[in-house]
Amino acid sequence: MSESSAGAGDIVAAAATTAAGWRLAGVAGAAIGVLAAGAAAGVAVERLTVGRGMRKKARLALDATGPYGSLRGTPGRALADDGTELYYEVDEVEPPQAAERNGSAESAPGPATASGTRRRRLFGRKAPAPVTVVFSHGYCLGQDSWHFQRAALRGLVRAVYWDQRSHGRSERGRAQADGVPVGIDQLGRDLKAVIDAAAPEGRIVLVGHSMGGMTMMALADQYPALIRDRVAAVAFVGTSSGKLGEVNFGLPVAGVNAVRRVLPGVLRALGSQAELVEKGRRATADLFAGLIKRYSFSSKDVDPAVARFAERLIESTPIDVVAEFYPAFTEHDKSGALPAFRDVPVLILAGEKDLVTPSSHSEAIADVLPDAELILVPDAGHLVMLEHPETVTDRLADLLVRGGAVAAANVGEHGSTAQQPGRR
């Protein structure tokens, strides 16, 4: 998620370059093509056995029937310091009465009434604000990338899911429209604005994937008092505190070095010809899907519907937004902010075979936070929360217990996508 670890952005750039961007980038396009070679070979084999029309019908069928990304909460908007509107949704804790009806909670103790029911009365004081779990997503994704965790936690904790600026339903960054580069520090201030709007009181738990984890580090760097006074626990999922220029994407050194030299210029060129490049992305959908699968997952038996869901998330990010964010990662170094999290429970989780933010970067974070729980998931890639949702949800549930967000690890069925009655 930087110059050499842009993750989804590299996938977008590689696929786009093979078509419309090829003419724009020239020799640079050939260098980017190194990234696409492995996926292209697989796509070529598939084309020998499956017709283009059949592949298109399969994608449409998955789009129509896949339940992923369908969970919605109460919408809200926060205002960033440059006026950008940031979209978020809140899932509230299920009311005690509903929990009793569903058999998921005991009646609260209180004075008996004539009807035999028991009620709790609070006189002269306000009930404490519940712990709020704030989820921050990664580059070229959106709040729906937490679909499985959201499905399991709905009703059990108060949770906020938000779209980073220029992603999902949030507004395109206004400062960027005026030519101001976006930076990780800006994202940290954006997260502060969301917290102020959606969780102004009470303790909070911060959960971030990839760029979302970097956003949390930027928050700590700029607002250490907030971390000290309000943060109850933290989860870093597939992220990095810096040194992303050392990532090799599982490619030969010569190929990686070529990509590093030319990719920033290629992305600028592609971003300036957004309409043409978007047409190229649509024309190279098969290659695009192959690249996403290679750099998002490690398992060979990933559900096709989940793989297609990841593809939809990434392809929904316009190429000019990809180009706009990319330079920010070259300067990312927030290792100095990590000690702010030493006094709270911390979960550090990554896929062992993550080619985008390798597990060694999670181990580096754990070196600074030696009391943290470090989980490296075997046979998992960068989108570990989609690839192995049961593992991520299980460890997250344990963190929420340690952080006081829930009384016990009573989390719904891992990976369930079924919406519950009465929930939006």
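The values are calculated or read from the model by the stated rules, or taken from the named source; none is laboratory data. Note that the structure is a prediction, hence the values are computed from the model and not measured. Virtual Cβ from ideal backbone geometry, glycine too; neighbours counted across all protein chains shown. All accessible areas refer to the heavy atoms of the entire protein, side chains included, with ligands and DNA or RNA removed. Shrake-Rupley method; radii C 1.70, N 1.55, O 1.52, S 1.80 Å.
Annotation for the stretch 267-289: at least one member residue is at negative phi, of a type in the set (A, V, I, L, M, F, W, C) and either at pLDDT 65 or above or part of a loop (DSSP other than H, G, I, E, B) (or both). Taking the criterion of being of a type in the set (S, T, N, Q) and not in a loop (DSSP other than H, G, I, E, B), the residues of the stretch 344-368 that qualify are Ser359, Ser360, Ser362.
Taken over the stretch 217-246, the criterion of being part of a helix (DSSP H, G or I), open to solvent by less than 10 Å² (accessible area, probe 1.4 Å) and closer than 16 Å to Asp185 by Cα is satisfied by Met217, Ala218, Leu219, Ala220, Ile227. Based on this model, can you work out whether Asp371 counts as surrounded by fewer than 22 Cβ atoms within 10 Å (Cβ to Cβ), in contact (Cβ under 8 Å) with a residue 12 or more places away in the chain and either over 19 Å from the mean Cα position of the chain (by Cα) or part of a helix (DSSP H, G or I) (or both)? In short, yes. Does Pro370 satisfy the criteria of being modelled with pLDDT of 95 or more, more than 16 Å from Tyr139 (Cα to Cα) and either in contact with a helix residue (DSSP H, G or I) (Cβ under 7 Å, 6 or more places away or on another chain) or of a type in the set (S, T, N, Q) (or both)? Considered against the rule, which asks whether it is modelled with pLDDT of 95 or more, more than 16 Å from Tyr139 (Cα to Cα) and either in contact with a helix residue (DSSP H, G or I) (Cβ under 7 Å, 6 or more places away or on another chain) or of a type in the set (S, T, N, Q) (or both), Pro370 comes out as no.
For the stretch 293-310, how many residues meet the condition of being over 17 Å from the mean Cα position of the chain (by Cα) and of a type in the set (Gly, Ala, Ser)? Selection size over the stretch 293-310: 3. Of the residues making up the stretch 63-101, those that are out of contact with any strand residue (DSSP E or B) (no Cβ under 9 Å at 6 or more places or on another chain), at pLDDT 75 or above and open to solvent by 20 Å² or more (accessible area, probe 1.4 Å) are Pro67, Tyr68, Ser70, Asp81, Asp82.
In the set Asp178, Asp185, Asp190, Asp196, only one residue is closer than 28 Å to Ala323 by Cα, modelled with pLDDT of 80 or more and surrounded by fewer than 17 Cβ atoms within 10 Å (Cβ to Cβ); that residue is Asp178.
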